[in-house]
Amino acid sequence: MSDFAHAVIIGGSSGIGLEIARLLAAAGTDILLVARNGDRLRDAAEAVRRCGTANVDIAVCDASDPDAVSALVETARRRGPIDLLVCSAGSAAAGYFDAMAPRSFSDSMANNYASALWPALAVARQMKMRGRGTIAVISSLAGERGLIGYTAYAPAKAALSRFAEALAHELKPHGVRICLAMPGDVETPLLAEEIKTRPPETTKITGGSKPISAAQAAREILAAARKGRRVVVPGRSSRWLYRINRAAPWLVAWAIDRLR
């Protein structure tokens, strides 16, 4: 029997969200997959159903829309209490600041921050009443350090990470756990698109470490969520980068500046 009986996965049609769904299905968790693209969502659900005997439902929803998310969570709750919320939706826009479309910045905040904010708000209320529950927030190492090419992406992920940290403190007395995941590069459709517009300096910064698979990231994130850990950085090389930036941010800034 799964330790999470009922899970809602925002951004569950691909990447880390999809791989977490596979793992949960194999453990017997009932799952609601949520994403904006209906066709990809249906394909993902079929793939997840092949991984176990759990019930797998889908919902097409824009998670950056608070009203749509509120209705979605209320519908999901009628099927049973939500034990796990995974906030894995996002987008990655890379490029030089003055060359990016103005909308890239607002879109990044909507897709990376608001798409976790509103589901967390809707689910946290229910979890507080029950006195238990887990919310896994998939952020990024980019939220720990502003990098060349990430003037849209890094601020959105920074906001998401600080939100998760604040929420962890606020909800702990109520028995609700927050797991903040900060992966580096992960082999996902999102990364494949982002690489196309990365400036060369960004590639130099990230090129020293090989992307980990979405399956590996999912395993590490789900294991951390089950153990009640507040922070997880999937991948050995990403963990080293995280530690170096925390211990010597001046050194990281010096190294980045020397790339130009």
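Each value in this text was obtained by applying a stated rule to the coordinates, not by laboratory testing. Everything quoted here is computed from the prediction, not taken from an experiment. When we count neighbours, we look across all protein chains shown, and the Cβ atoms used for this are built from the backbone with ideal geometry, even at glycine.
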Distance from the Cα centre of region 38-58 to that of region 83-153, in angstrom? 24
Counting sequence-distant residues (5 or more places) and residues on other chains, those with an amide H built under 5 Å from that of Leu180 are Val137, Val231, Val232
Arrange His174, His169 by Cβ neighbour counts within 10 Å, fewest through most, would you? His169, His174
Restricting region 48-119 to trypsin sites (Lys or Arg not before Pro) in coil, as DSSP defines it, with at most 13 other Cβ within 10 Å: Arg50, Arg79
Assigned charges on the beta-carbon of Lys, Arg, Asp, Glu; the chain dipole about Cα centre (debye): 880
At what distance in nm do the modelled label points of Met129 and Glu193 sit from each other, each positioned 7 Å from its Cα along Cα→Cβ? 3.5
Set of lysines with alpha-carbon distance to Lys204 below 22 Å, sequence-local pairs under 8 removed: Lys157, Lys196
Measure nothing fancy, just the Cα-based angle from helix 153-171's long axis to the longest principal axis of the chain, in degrees from 0 to 90, nearest 10. 40
Please list, in chain and number order, the residues 5+ apart from Ser213 or on another chain whose amide H is under 5 Å from its amide H, with Hs placed from the backbone. Glu187
Per DSSP helix of 4 or more residues, -39500 (n - 2.57); summed, then divided by the residues of the chain. What does that give at 222 nm, rounded to the nearest 500? -15000 deg cm²/dmol
Residue-wise HN-Hα coupling along region 226-236, computed from phi with Karplus coefficients 6.51, -1.76, 1.60 (Hz; x: Gly, Pro): 5, 7, x, 6, 7, 9, 9, 10, x, x, 4
Over the chain, what is the relative contact order in whole percent, taking alpha-carbon pairs under 8 Å and six or more residues apart? 18
Trypsin sites (Lys or Arg not before Pro) within region 131-182, DSSP loop, no more than 15 other Cβ atoms inside 10 Å: Arg132
Reported label for calculated semi-axes √(5λ) of the Cα gyration tensor in Å given [x] 30, 19, 18; [y] 27, 23, 16; [z] 25, 22, 20: [x]
Give, as a single signed number, the net charge of other residues whose beta carbon lies under 12 Å from the beta carbon of Arg77, with Lys and Arg counted +1 and Asp and Glu -1. +2
Considering only the chain, what is the antiparallel percent among its DSSP beta bridges, to the nearest 5? 0
